[in-house]
Amino acid sequence: MANVKSTSATAEKWARVTPQRSEDYKLGVQNPRTPCAAAGAKERYKTGVTDAIARGGYEKGVMAAGDQKWQSKAVAKGPSRFAEGVAISAPEYQQAVQPYLDTIAATTLPARFAKGDPRNLERVRVLSQALRKRKTG
């Protein structure tokens with residue numbers, strides 16, 4: 001029989017040692033073994049997702065975790081990371097949203113009618129189609 005450490009000892013060591021590995025994490029991100037390796041996993045991803053759908057794995061996992069788990073983790077870790085992530089991502093956000101704002105600005109909308117007039121839905125349709133065309137080409 002193998003000598004296996006207790007779960008609590010394993011968790012304690014993980015919590016104590018892993019935070020000291022942040023530089024290793026950073027170097028691993030900066031120097032992947034295979035550039036764009038995720039692109040090569042397309043078929044494995046498709047197979048895995050199809051399998052998860054067939055066996056109801058997503059739903060089972062969500063139900064097993066319940067709302068309390070994700071809520072407590074999000075509240076404990078999320079707020080400070082959210083603010084920092086938004087600040088770091090502002091230039092990418094601007095670059096990503098610009099084509100859609102340009103599309104909105106360039107779209108000629110039909111006339112606006114009184115509030116609640118069903119003809120106003122035509123304005124929504126026109127803008128929706130323009131944005132969809134922009135997204136899908």
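Some values worked out for this structure:
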quantity: Any hit, segment 57-69, residues being out of contact with any helix residue (DSSP H, G or I) (no Cβ under 7 Å at 6 or more places or on another chain), of a type in the set (Val, Ile, Thr) and in a helix (DSSP H, G or I); calculated: yes
quantity: Some residue of segment 6-25 being in a helix (DSSP H, G or I), within 21 Å of the chain's Cα centre (by Cα) and not β-branched (Val, Ile, Thr); calculated: yes
quantity: Residue within segment 76-90 that is aromatic (Phe, Trp, Tyr), more than 30 Å from Gly137 (Cβ to Cβ) and in a helix (DSSP H, G or I) present; calculated: yes
quantity: Filter result for Ala130 (in contact (Cβ under 8 Å) with a residue 12 or more places away in the chain and more than 25 Å from Val86 (Cα to Cα)); calculated: yes
quantity: All positions within segment 75-112 that are basic (Lys, Arg) and within 19 Å of the chain's Cα centre (by Cα); calculated: Lys77, Arg81
quantity: Segment 91-112: number of residues that are surrounded by 10 or more Cβ atoms within 10 Å (Cβ to Cβ), aliphatic (A, V, I, L, M), in a loop (DSSP other than H, G, I, E, B) and free of Cβ contacts under 8 Å to residues at least 12 places away in the same chain; calculated: 0
quantity: Single unsatisfied condition, Arg33 versus (1) over 20 Å from the mean Cα position of the chain (by Cα); (2) in a helix (DSSP H, G or I); (3) basic (Lys, Arg); calculated: (2)
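Bear in mind that the values in this text are calculations on the coordinates, not laboratory data. It should be emphasised that the depicted structure is a prediction, and the values quoted were computed from it without experimental measurement. Reconstructed Cβ throughout: ideal geometry from the backbone, glycine too, with neighbour counts over all protein chains shown.
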